[in-house]
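The structure's right below; bear with me while I get my questions together.
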Amino acid sequence: MTGQVEVYELGKCADCKSIRIAHTPFLPYTFCMDFSYIFRAACPKPETFADFGFQKDDALREDKVFTDAKVPADVLICKKSLPQTDFYVILILNLAKETLSAQVYDFATDEQYALFDVPSANGAFISQIREQVKNIIEDFRNLCFETADLKEKYFEYMKSQFSAVPDYPWDDSPDAGVFRCKNDKWFALVMKIKYRQLGLTGDEEVFVVNLKAPPDKIPNIVDHKSVFPAWHMNKKHWITVLLTAATTFEHLCELTEQSYKLVYENVSGKKKSEK
């Protein structure tokens with residue numbers, strides 16, 4: 001764990017609107033820090049959530065923090081103390097929508113600590129609070145999610161299926177590897193980007209692959225969970241796929257084979273027609 005603190009994007013959480021904290025003014029939409037990116041990096045194990053501390057509305061009735069407002073049925077709540085501070089964090093999880101957000105409160109007053117939700121706020125104390133919340137989120141992911149880095153497995157597949165190994169054409173992007181067809185045209189580009197570059201929350205980095213796809217099929221292929229409009233390439237012809245547990249390896253292989261055919265067979269067909 002480094003000393004660097006990642007600041008996550010501020011967002012409006014539709015699940016928070018039904019949760020009222022004692023002594024805290026009720027807002028139509030409560031601002032909170034969004035950590036939903038963890039659903040793109042791993043697969044949840046819901047049976048472990050209770051052990052971590054997540055509970056449904058009925059289990060929270062005796063907690064002075066919560067009033068009689070109804071928490072949506074799909075939402076689970078977890079309250080964790082922040083070590084060596086007078087604050088605690090409320091984690092708000094909606095498994096159906098695959099969202100996770102966090103709000104920080106003062107133990108003495110149960111009032112929300114607003115600076116936690118302001119990305120531009122900085123200083124030693126707010127950095128400490130954010131680092132502690134981030135550590136809790138990481139503990140939750142490590143204990144309650146199945147993680148899988150598909151990158152190495154994918155590289156092995158590319159070599160066995162297409163006899164293709166990556167080349168790295170950019171000195172300033174050493175993680176960006178290009179896979180080429182026999183005609184030397186790209187059919188896959190593996191690179192490391194940040195989740196927010198795909199429209200998700202979080203500055204955490206992730207390996208992805210850009211693949212070619214039929215323009216008429218792309219709207220149905222893109223699900224904004226594991227497959228996204230192409231980052232840094234023509235979105236009409238290319239898609240970006242996460243190399244994480246959010247993507248099934250079988251689906252990844254299907255999309256890759258489709259990309260190879262589009263690039264290799266189409267170019268080869270044009271050359272034949274020109275003869």
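Quick one: net charge around Phe87, please, counting Lys, Arg +1 and Asp, Glu -1 for every other residue with C-beta under 11 Å from its C-beta.
Values: positive: Lys80; negative: Asp86, Asp106, Asp110, Glu111.
With Lys, Arg at +1 and Asp, Glu at -1, the net is -3.
Also, quick follow-up: Ignoring ligands, DNA and RNA, what accessible area per residue does region 212-265 give at 1.4 Å, in Å²?
Working: 2690 Å² over 54 residues.
Dividing the accessible area of region 212-265 by its residue count gives 50 Å².
Once you order the gyration tensor axes a ≥ b ≥ c over the Cα atoms, which shape class does region 117-275 get: rounded for a/c under 1.5, otherwise prolate or oblate by comparing a/b with b/c?
Details: a/c = 2.30, a/b = 2.20, b/c = 1.05.
Because a/c hits 1.5 or more and a/b exceeds b/c, region 117-275 counts as prolate.
Also, I was wondering about something else. With a cap of 16 neighbouring Cβ atoms within 10 Å, and only residues DSSP puts in a loop, list the GluC sites (Glu not before Pro) found in region 92-168.
On the way: sites: Glu98, Glu111, Glu131, Glu138, Glu146, Glu152, Glu156; in loops: Glu98, Glu111.
Hits after loop and neighbour filter: Glu98, Glu111.
Take the cross-link list Lys151/Lys236; Lys212/Lys261; Lys151/Lys192; Lys56/Lys79; Lys45/Lys153; Lys217/Lys261 and give me the ones stretching past 18 Å between alpha-carbons. Spell out each step's value before the answer.
Values: Lys151/Lys236 25 Å; Lys212/Lys261 9 Å; Lys151/Lys192 11 Å; Lys56/Lys79 12 Å; Lys45/Lys153 23 Å; Lys217/Lys261 15 Å.
Where the Cα-Cα span goes over 18 Å, the pairs concerned are Lys151/Lys236; Lys45/Lys153.
Specify the inter-centroid distance of region 184-203 and region 127-178, based on alpha-carbon positions, in whole Å.
Their Cα centres are 11 Å away from one another.
Taking amide H atoms as placed 1.01 Å from N in the peptide plane, list the residues 5 or more away in sequence, or in a different chain, whose amide H sits under 5 Å from that of Trp238.
Ala213, Ala230
The values are calculated or read from the model by the stated rules, or taken from the named source; none is laboratory data. No experiment lies behind these values; they were computed from the predicted model shown. Heads up, the Cβs are rebuilt from the backbone with ideal geometry, glycines too, and the neighbour counts pull from every protein chain shown. Protein only, heavy atoms only, side chains kept; ligands, DNA and RNA dropped before computing areas. Shrake-Rupley method; radii C 1.70, N 1.55, O 1.52, S 1.80 Å.
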